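Since every read-out is calculated from the coordinates, none of them should be taken as a lab result. As the structure is a prediction and not an experimental result, all values here were calculated from the model. Note that we place each Cβ from the backbone using ideal geometry, even for glycine, and neighbour counts take in every protein chain shown.
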């Protein structure tokens, strides 16, 4: 069963070939031009997808024995994401599926991140608790089985990845902020400065990271540029630890109330080294099984879209040719 996956929801154009659960190809073209602007420019992202998508699809068949006609289904992200970027991928996928006379499968990008773990852990079983943490989403999801989800916690404002990016902008570190802060923080002291761990009074199960961003802004303004440069590694380590601390406390608090002993991490922030270290240590202490996707499958990629498409294909789920892109598509 060969699935062609297409991902174009934001600033990565990605094409993947999945043979059952084996990743044959997973090509990712990141759009470095956005670094100049400190964030993703939607119109530029769409143009880059248009330039890259056909070439990457042809490249996916160069180093293996498969041909385009061998594809059993075309899986593509339909949302959430940037409208223009999504339309490029979806339109291309529709054309391919129509010309090949193969099923078109519109995939929820959030569901794709959850399913990414099956690429590395084929023996992973339902149910499990998933912390999905990225630039656009922070949520804790009880995954009962494929397609059956219960959102137990979410951020009421900024996502964790967004908090990393905004802090990097305040510190003049560049974009994307998460990997840069993670790298600098390795030589810093997480106890150097205590950043606030926000609690949502009316919704105690949820996250809030906007106050953390404000706290680092005020700290930088109060201390000045030279102090920040001198203590940059310690500031990054302390800020990163504040995010990771809130995430782990909430996840391990919630798992005690549900019927599973499995935790799955997903999304771009799941690549953060401090997060992996803290969660691994806590899971071992609590005798809980924990699963991380490989770094390649944490960020946006077409392999996770193909893997979700495979699951949908096996369950006889496909899409009509008139499906639309949905920028604010929800998991449930």
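In plain terms, the residue of 321, 115 with the fewest other Cβ atoms within 10 Å comes first and the most crowded comes last, giving 321, 115. Which of 239, 98, 142 ends up with the largest GNM mean-square fluctuation for the chain, with Cα atoms connected below 10 Å? The residue that fluctuates most here is 98. One quarter of the surface of the convex hull around the alpha-carbon atoms of region 58-122 equals 5.3 nm², the direction-averaged projected area.
Centroid-to-centroid, using Cα positions, region 103-146 and region 229-298 are 16 Å apart.
Between 0 and 90 degrees, rounded to the nearest ten: what's the tilt of helix 42-59 against the longest Cα principal axis of the chain? Orientation of helix 42-59: about 50 degrees from the principal axis.
Counting only C-alpha contacts under 8 Å and six or more residues apart, can you give the relative contact order of region 4-81 as a whole percent?
Values: 96 pairs, mean separation 30.3, N = 78.
Relative contact order here is 39 percent.
In terms of Cα atoms, the Rg and Dmax of region 148-188 work out to 13.3, 42 Å.
Here 134, 238, 210 are placed in order of increasing Cβ neighbour count within 10 Å, fewest first, which gives 210, 238, 134. Quick one: helix 210-223 against the long Cα principal axis of the chain, what's the angle to the nearest 10°, folded into 0 to 90? Once rounded, one gets 50 degrees.
Per residue, the convex hull spanned by the Cα atoms of the chain amounts to 133 cubic angstrom.
How much mean residue ellipticity at 222 nm does the chain get from its helices, if each DSSP H run of length 4 or more adds -39500 (n - 2.57) and you divide by all residues, to the nearest 500 deg cm²/dmol? Present the calculation step by step, with values, prior to reporting the outcome.
Working: 12 runs with 141 residues, N = 332.
So the helix-based figure for the chain works out to -13000 deg cm²/dmol.
For region 124-296, the alpha carbon convex hull comes to 114 Å³ per residue, rounded to a whole number.
In what sequence, highest mean first, do 101-108, 63-70, 277-284 appear when ranked by Cβ atoms within 10 angstrom? Present the calculation step by step, with values, prior to reporting the outcome.
Values: 101-108: 21.4, 63-70: 11.2, 277-284: 15.2.
Packing proxy ranking, top to bottom: 101-108, 277-284, 63-70.
At each listed q (0.13, 0.23 Å⁻¹), what is the log10 of I(q)/I(0) that the Debye formula gives for region 141-232 modelled as equal alpha-carbon point scatterers? Reported log10 I(q)/I(0), two decimals: -0.55, -1.22. The mean of 1/r over all distinct Cα pairs in region 1-118, once inverted, gives the Kirkwood hydrodynamic radius of 14.4 Å. The mean sequence distance of close C-alpha pairs (under 8 Å, at least 6 residues apart), as a share of the length of the chain, puts its relative contact order at 25 percent.
Note the angle between two axes, namely the Cα long axis of helix 273-286 and the longest principal axis of the Cα atoms of the chain, as a number of degrees from 0 to 90, rounded to the nearest 10. Taking Cα atoms only, the helix is inclined about 90 degrees.
Ordering 170, 3 by the number of other Cβ atoms within 10 Å of each residue's own Cβ, fewest first, gives 170, 3.
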